[in-house]
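Visitor: Let me begin by handing over the structure; questions about it come next.
The values are calculated or read from the model by the stated rules, or taken from the named source; none is laboratory data. The structure presented is a predicted model; accordingly, all values stated were derived computationally and were not measured. Backbone-built Cβ (ideal geometry, glycine too); neighbour counts: all protein chains shown.
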Amino acid sequence: MKGDLRWLPGFIALGVVWGSSFLFIELALESFTPAAIVFLRGALGALSLLVLLIIRKERLPAWSKHWWHITVVAALLNAVPGFLFALGQQWVPSSLAGIANATTPMMTVLVVAVAFRDQKPSANQFLGIIVGIGGIVLVTEVIGAFEGATVLGVGILLAATLSYGIAMPYAKRHVSTLPYSPYALAAAQVGVSAIITAPGVFLSGAVAQPLTSSAVWGILGLGVLGTGIAYVWNYRNIELVGSVIASSVTYITPVVAVILGVVLLRESLSPAQLLGGALVIVSALLVQERWVVIRKK
């Protein structure tokens, strides 16, 4: 991995796209129910990826036991957190949702340390997680500045990041090593997530308020970019640098989410958030081991 920066462009692009996802969710909630949002983002993402497969003349994975692993990842990385983020953002603004998402690497390290010993994090990565926690503590100290933020909403978002934390090392072990291209794996995963979440639309309905153009653009951005193309980059990142480093992309997403929330949604930004954001960036460098403080003896 040392000196190999092939993963970096996709890593940055993924951070920007996923950082924008919280804005897209906020816009989609103007009209759609949480169940419809998670289903539509999966369906639109799968459709966009199937188009890419046709252009590239590739096929979906052959029917085998591999689909079981793909289904597990689809549930943990798409269906469950996708619904929980849409649900939680009914009470939590996009800025805080983006910041809460930065707990994913911490969740991943915890899961890896307990259940995936073959992907053991280094001491430098643990230091990065500690610094990241400090940054998030600084940011969430001003939770009262966010109108409508509740303990329930934050709890729902943390449950979503725990699901991400389980999914990342599972995908590293069981899915990213399968003999299929990232496009085929991503299309299969996102397509399965749409199937899993379809019944929820029938139970809760698809539209909560009259359709707006903002909601339509939000769901399109969330589906095509945030759930379609982004998962190709995600699989490639996991393959190149491992689940812990790949998951640290979520240290970029809160910065993007806060900027978009402030500029486009007029959400508040405090000095504590700026300091917390700086610590988050430092923690990303540590987790990616681009800044090595603790060296192996």
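Visitor: Quick one: is Gly276 in contact (Cβ under 8 Å) with a residue 24 or more places away in the chain, touching a Gly at 6+ places or on another chain (Cβ under 6 Å), part of a helix (DSSP H, G or I) and under 22 Å from Leu76 (Cα atoms)?
Guide: Taking the combined requirement at face value, the residue does not satisfy it.
Visitor: Sticking with this structure for a sec: Just checking, how many residues over region 84-113 are under 16 Å from Gly19 (Cβ atoms) and small (Gly, Ala, Ser)?
Guide: Qualifying residue count, region 84-113: 6.
Visitor: For region 23-51: of the residues being over 17 Å from Val192 (Cα atoms) and either among the charged types (D, E, K, R) or at pLDDT below 95 (or both), which is farthest from the chain's Cα centre (by Cα)?
Guide: Glu30
Visitor: Right, next: Just checking, does region 23-41 include any residue being over 30 Å from Thr212 (Cα atoms) and aliphatic (A, V, I, L, M)?
Guide: Scanning region 23-41 turns up no residue that is over 30 Å from Thr212 (Cα atoms) and aliphatic (A, V, I, L, M).
Visitor: Sticking with this structure for a sec: Does Val207 meet the test of being within 27 Å of Ile99 (Cα to Cα), in contact with a Ser or Thr (Cβ under 9 Å, 6 or more places away or on another chain) and either at pLDDT below 95 or among the β-branched types (Val, Ile, Thr) (or both)?
Guide: In short, no.
Visitor: Any idea which of Ala13, Ala35, Ala43 is surrounded by fewer than 24 Cβ atoms within 10 Å (Cβ to Cβ), under 18 Å from Val201 (Cα atoms) and touching a Phe, Trp or Tyr at 6+ places or on another chain (Cβ under 8 Å)?
Guide: The match here is Ala35.
Visitor: Could you pull out every one of the helices (runs of 4 or more DSSP H) wholly within region 147-247 that has 2 or more residues that are surrounded by fewer than 17 Cβ atoms within 10 Å (Cβ to Cβ) and touching a residue at least 40 places away in the same chain (Cβ under 8 Å)?
Guide: 151-174, 182-204, 213-220
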